[in-house]
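The values are calculated or read from the model by the stated rules, or taken from the named source; none is laboratory data. Note that the structure is a prediction, hence the values are computed from the model and not measured. No Cβ is skipped: glycine too gets one built from the backbone with ideal geometry, and neighbour counts run over all protein chains shown.
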Amino acid sequence: MAPPPRPTPFRNGCRKGRAAPARFQDGRGGFVTSLPVGGSGAGTARRAAAPPWQRAGGGPGPRRRGMEPAGAPPPSCAPAREAEEPPGSPALPAERPRDGEPARKASEEAAAERSRGRGPAGRAARGGGRRGPEERGARAGRRPRVTVDSSKAKTSLEALKISLRQLRWREFPFGRRLPCDIYWHGVSFHDNYIFSGQVNKFPGMTEMVRKVTLSRAVRTMQDLFPVEYNFYPRSWILPEEFPLFVTEVRMMKESDPSWKPTFIVKPDGGCQGDGIYLIKDPNDVRLAGSVQSRPAVVQEYICKPLLVDKLKFDIRLYVLLKSLEPLEIYIAKDGLSRFCTEPYQEPTLKNLHQVFMHLTNYSLNIHSGNFIHSDNVNTGSKRTFSSILCRLSSRGADVKKVWSDIISLVIKTIIALTPELKVYYQSDIPAGKPGPTCFQILGFDILLMKNLKPMLLEVNANPSMRIEHEQELSPGVFENVPSPVDEEVKVAVIRDTLRLVDPQKKRRKDIQSQTSEHVSETREDLLDAGPADGPEYETSKSTEAGLPSLCLKQVFPKYAKQFNYLRLVDRVAALFIRFLGVKGTTKLGPTGFRTFIRNCKLSNSNFSMASVDILYIDITRRWNSMGIDHKESGMCLQAFVEAFFCLAQKKYKSLPLHEQVASLIDFCEYHLAALDEKRLLCGRGVVERRGAVVTCPTDGLEVTPALHAPLLNRTAAAGKFADCRSHRYPGAVSPGAGRD
């Protein structure tokens, strides 16, 4: 029998797009009214009230606004369920015909049940009923897709889109009202207000990798470990260190008359080669105007770089900082080599201004008439780093050592940056408050010297992820042309970064652990089910199976044992953060500094609290005069590190600086641990129960281990500290001896 005609949703002259209330027959002789009102309840009423042929087909229905971006395809609608039967309700057996009733009546009732979505066939069609463990495991494999907000992606949008298509994740190019799993920002952490999920920027990273801040951070590590951090050129910060720069250059020339250095001046906030120039004499620095208002860094120029085809080049390597605590670092197995466009000559007064010879910036050389766009990764003005390594290997170079040195450079640079990054992180995302987790792709610019030693030029917080370049068709007319070299490297970096931060990995592991027992018990049933049931269990792995192996290699914590001894400033930053007091701040006030001195027992007859105040005022005033973040008053982390070094030199005079700092850190951590244990014991009310804790039998004193475990731990820590000090520094005094 043909179905009755469908009721029209537009009645009584209503305008199109605003449906009037419609009354549908419910299959049992009654009528249900469907109201055009938003909300999940109205949607359920509409689905329940729809006629059987509309329920079966899953026809289009009204949708709440703003839930999906404009132009996105409508989500597939699951088959509707009866309003009075909750999902997952047990199946009711069909009634058998009574004696004497014709079989025709039973068949008609079964047909009616099927039309209403009841019975075994109807439940199978709409997915109702209780499922066995194997079916639950199969449905768990069909996980919802990861959602990515790309509304702030900017120039990395095209590479991101390709990566999301390869991963089969869901993109929201215009944002989304509901939270997304991942937010992809193009500039900084503050591109959007985010309270959950993951974001591809760390707060404070843009400030940390600026040329002045990076130079200060590396210089601090050079003071502690000069040999380990010799991969960064000697640097001076302008304008405050200009007199020091002039004096040191004059002294070095007097000690070595044959030394004829060249210096490169880089503006602090410059990018894409803007404002960079070379000088031979310190007096040629352009101090008038721009440098006074715009700080800069002057570095010793590397005059003997490695050349390929007589051209100077640098390397852009992509590094993923996946986590700050614990520290987790990945390095891309391939990068980009960016070439100058004029044959290199050592700098002279005549060629100092030839930027196409000395500066490797892509944004500068692309304007040269000699720039070569090539689809081949082995030729052109932009090539893959792997092609350079293959060429070096053919010449007999030790490529493995080059990679090992580059990995060491990257890890040491990140170790220098993380202390202040943690201060910024706790300021924007205080502990205990809701907030996103962060990761970030950094661009390391590295120059290989003639002896294949890598030198760090700079670190980019927002490396370009464009996979096309502009080509001039006619004067003033440009066209975006795909760049195969960029696409090969950058798409792989973004795609595999997303794979590493996949938020559903943990959920998938939990589901697999829950269903592993059920799947093992029903293995025979799954084999008997045939190949039709197989793909459901492979849905969660199908995306990974079709992708190449990861292009990102973990280097930390893989090599943590070799580099953990360098993380002294990281431990100093932990002390700084502990005494900040107010959450959300990045500066330490005078009260917090005095509390630090008092709790760590650093004041004595030779170093009174008045001396503490003078030290705080002098160092804080000097750092504030350098223009370091005047928004807050107080002592920044760099100033605290300087004060900490002064205290270490006063307390341990006969040791090298890094041993002095390490000794003072151990001393402070010991006293703070003892203070924490004392507060813990007081919180447990040990003082009131002291009489019940200790008993004195005839054979000696017995202490209850459960209550005095912290005290025992403190004693063990003190012994361990004393052993370490005596082993490392013979003749040193233990913390409890009151050494000045």
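From 324, 307, which residue is farther than 28 Å from residue 497 by Cβ and within 38 Å of the chain's Cα centre (by Cα)?
Details: 324 fails: farther than 28 Å from residue 497 by Cβ.
Just one listed residue meets the conditions, 307.
Take the residues in region 471-496 that are assigned to a strand (DSSP E or B) and touching a residue at least 24 places away in the same chain (Cβ under 8 Å); name whichever of them is surrounded by the fewest Cβ atoms within 10 Å (Cβ to Cβ).
481
Of the residues that sit in region 283-306 and are modelled with pLDDT of 90 or more and closer than 16 Å to residue 245 by Cβ, which one is surrounded by the fewest Cβ atoms within 10 Å (Cβ to Cβ)?
Of the residues in region 283-306, the ones modelled with pLDDT of 90 or more are 296-306.
Pick out the ones that are also closer than 16 Å to residue 245 by Cβ and you get 296-301.
Working: 296: 24, 297: 24, 298: 24, 299: 18, 300: 15, 301: 19.
Result: 300.
Return the residues of region 159-171 that are closer than 30 Å to residue 209 by Cα and surrounded by fewer than 19 Cβ atoms within 10 Å (Cβ to Cβ); say none if nothing qualifies.
161, 162
Kindly indicate whether residue 556 is surrounded by 15 or more Cβ atoms within 10 Å (Cβ to Cβ), modelled with pLDDT of 95 or more and aromatic (Phe, Trp, Tyr). Before the answer, list the steps.
Values: surrounded by 15 or more Cβ atoms within 10 Å (Cβ to Cβ): yes; modelled with pLDDT of 95 or more: yes; aromatic (Phe, Trp, Tyr): yes.
It is true that residue 556 is surrounded by 15 or more Cβ atoms within 10 Å (Cβ to Cβ), modelled with pLDDT of 95 or more and aromatic (Phe, Trp, Tyr).
Among the numbered conditions (1) of a type in the set (Asp, Glu); (2) surrounded by fewer than 17 Cβ atoms within 10 Å (Cβ to Cβ); (3) more than 30 Å from residue 395 (Cα to Cα), tell me where residue 309 comes up short.
Every listed condition holds for residue 309 apart from (3).
Give me the pairs: first residue in region 548-566 and farther than 17 Å from residue 662 by Cα, second residue surrounded by fewer than 14 Cβ atoms within 10 Å (Cβ to Cβ) and modelled with pLDDT under 95, beta-carbon distance under 8 Å, and six or more apart or on different chains, which are they?
Correct list of pairs: 557/326.
Does residue 246 meet the test of being β-branched (Val, Ile, Thr) and either modelled with pLDDT of 95 or more or farther than 25 Å from residue 361 by Cα (or both)?
Numbers: β-branched (Val, Ile, Thr): yes; either modelled with pLDDT of 95 or more or farther than 25 Å from residue 361 by Cα (or both): yes.
For residue 246, the condition - β-branched (Val, Ile, Thr) and either modelled with pLDDT of 95 or more or farther than 25 Å from residue 361 by Cα (or both) - is met.
Suppose we filter 303, 271 for residues that are closer than 23 Å to residue 207 by Cα and out of contact with any Gly (no Cβ under 7 Å at 6 or more places or on another chain); which single one remains?
Details: 303 fails: closer than 23 Å to residue 207 by Cα.
Going through 303, 271 in turn, the sole match is 271.
Report whether or not residue 416 is among the small types (Gly, Ala, Ser), farther than 24 Å from residue 223 by Cβ and assigned by TED's automatic domain parsing to the domain that holds residue 317.
Numbers: among the small types (Gly, Ala, Ser): yes; farther than 24 Å from residue 223 by Cβ: no; assigned by TED's automatic domain parsing to the domain that holds residue 317: yes.
Against the criterion (among the small types (Gly, Ala, Ser), farther than 24 Å from residue 223 by Cβ and assigned by TED's automatic domain parsing to the domain that holds residue 317), residue 416 does not qualify.
Would you say residue 641 is at pLDDT 95 or above, aliphatic (A, V, I, L, M) and touching a Leu at 6+ places or on another chain (Cβ under 6 Å)?
On the way: at pLDDT 95 or above: yes; aliphatic (A, V, I, L, M): yes; touching a Leu at 6+ places or on another chain (Cβ under 6 Å): no.
So residue 641 fails the test.
Considering (1) surrounded by 14 or more Cβ atoms within 10 Å (Cβ to Cβ); (2) over 30 Å from residue 494 (Cβ atoms); (3) of a type in the set (D, E, K, R), say which one residue 583 fails and leave the rest.
Exception for residue 583: condition (1).
Looking at residue 156, is it at pLDDT 90 or above, surrounded by 20 or more Cβ atoms within 10 Å (Cβ to Cβ) and at negative phi?
On the way: at pLDDT 90 or above: no; surrounded by 20 or more Cβ atoms within 10 Å (Cβ to Cβ): yes; at negative phi: yes.
The answer is no for residue 156.
If you check residue 206 against the conditions, is it in contact with a Ser or Thr (Cβ under 9 Å, 6 or more places away or on another chain), within 30 Å of residue 584 (Cα to Cα) and assigned to a helix (DSSP H, G or I)?
Numbers: in contact with a Ser or Thr (Cβ under 9 Å, 6 or more places away or on another chain): yes; within 30 Å of residue 584 (Cα to Cα): yes; assigned to a helix (DSSP H, G or I): yes.
Yes, satisfied.
Which one of these is among the basic types (Lys, Arg) and at pLDDT below 60: 508, 499, 523, 495? Full working, then the answer.
Working: 508 fails: at pLDDT below 60; 499 fails: at pLDDT below 60; 495 fails: at pLDDT below 60.
Sole residue among the options that is among the basic types (Lys, Arg) and at pLDDT below 60: 523.
Of the residues in region 211-269, how many are among the small types (Gly, Ala, Ser) and outside any loop (DSSP other than H, G, I, E, B)? Walk me through it before giving the result.
Quick first cut of region 211-269, residues among the small types (Gly, Ala, Ser) only: 215, 217, 235, 255, 258, 269.
Subsequent filtering for residues that are outside any loop (DSSP other than H, G, I, E, B) retains 215, 217, 235, 255.
Residues that pass the stated criteria total 4.
Working carefully through the options 363, 387, find the one that is assigned to a helix (DSSP H, G or I) and surrounded by 14 or more Cβ atoms within 10 Å (Cβ to Cβ). Working first, answer last.
Working: 363 fails: surrounded by 14 or more Cβ atoms within 10 Å (Cβ to Cβ).
So the residue among 363, 387 that is assigned to a helix (DSSP H, G or I) and surrounded by 14 or more Cβ atoms within 10 Å (Cβ to Cβ) is 387.
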